[in-house]
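Some notes on the structure that comes next.
The values are calculated or read from the model by the stated rules, or taken from the named source; none is laboratory data. As the structure is a computational prediction, the values presented were derived from the model and not from experiment. Neighbour counts run over all protein chains shown; Cβ positions are idealised from the backbone, glycine included.
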Amino acid sequence: MAAEPFVNRSTADSLASVIDASTADQPEDHRQSTHIWVSGGSVELDFDFGKEMEVKTFHFLNYLTEYFDVDDVDLRFFDAAHRLVGVMSDLEPELGGNPSGHFNPIYAQDFAVSLPGPVRFVNVVLSGSNNEVDFNNIGFSAVDYMGTATDQRGAPFERTF
């Protein structure tokens with residue numbers, strides 16, 4: 001990743017905002033202090049849940065307008081041994097917003113996940129049709145293999161599978 005690829009914010013601040021919602025259904029206002037924006041290309045993020053989980057849902061809070069939004073999401077899921085468990089590709093998230101038709105707050109769009117095995121790591125590639133990638137949040141809902149329900153959000157780390 002190039003030095004400071006994020007627009008209007010430092011890399012550290014941007015990465016801290018990637019997955020900072022306290023729950024899967026928490027709305028978020030789009031502000032300079034809450035969004036992640038890269039101009040000129042795609043964004044690749046890696047998540048480590050810390051243990052193997054059964055991922056049930058991928059949550060995505062997209063930008064508000066077509067000019068800067070994310071148009072395509074590709075996810076690759078790996079187990080603890082870094083073996084590929086499954087792929088979800090060419091997801092086309094809707095523009096951010098809420099049921100009332102207003103831009104703010106933005107609510108998550110949920111994508112059901114069905115995989116044949118446990119997941120520890122997720123690789124996510126986000127791209128925009130005009131090389132602009134702007135979104136508010138990403139999240140995962142999962143159940144651990146001990147049967148305890150959790151809203152597992154993971155944490156970005158600097159490693160490529």
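So, in the stretch 56-77, of the ones that are acidic (Asp, Glu) and outside any strand (DSSP E or B), which residue ends up surrounded by the most Cβ atoms within 10 Å (Cβ to Cβ)?
Applying the filter and picking the extreme gives 69.
Restrict the check to the stretch 80-89 and report whether at least one residue is crowded, with 16+ Cβ neighbours inside 10 Å, β-branched (Val, Ile, Thr) and at pLDDT below 95.
no
Could you run through the stretch 114-148 and say how many residues are at pLDDT below 85 and farther than 16 Å from residue 59 by Cα?
Residues that pass the stated criteria total 7.
Taking the stated definitions as given, is residue 133 within 11 Å of the chain's Cα centre (by Cα), β-branched (Val, Ile, Thr) and over 15 Å from residue 46 (Cβ atoms)?
The answer is no for residue 133.
Of all residues in the stretch 90-100, which are of a type in the set (D, E, K, R) and modelled with pLDDT of 85 or more?
Correct list: 90, 92.
Quick one: which of 117, 139, 96 is assigned to a loop (DSSP other than H, G, I, E, B), out of contact with any helix residue (DSSP H, G or I) (no Cβ under 8 Å at 6 or more places or on another chain) and within 18 Å of residue 26 (Cα to Cα)?
Being assigned to a loop (DSSP other than H, G, I, E, B), out of contact with any helix residue (DSSP H, G or I) (no Cβ under 8 Å at 6 or more places or on another chain) and within 18 Å of residue 26 (Cα to Cα) holds for just one of 117, 139, 96, which is 96.
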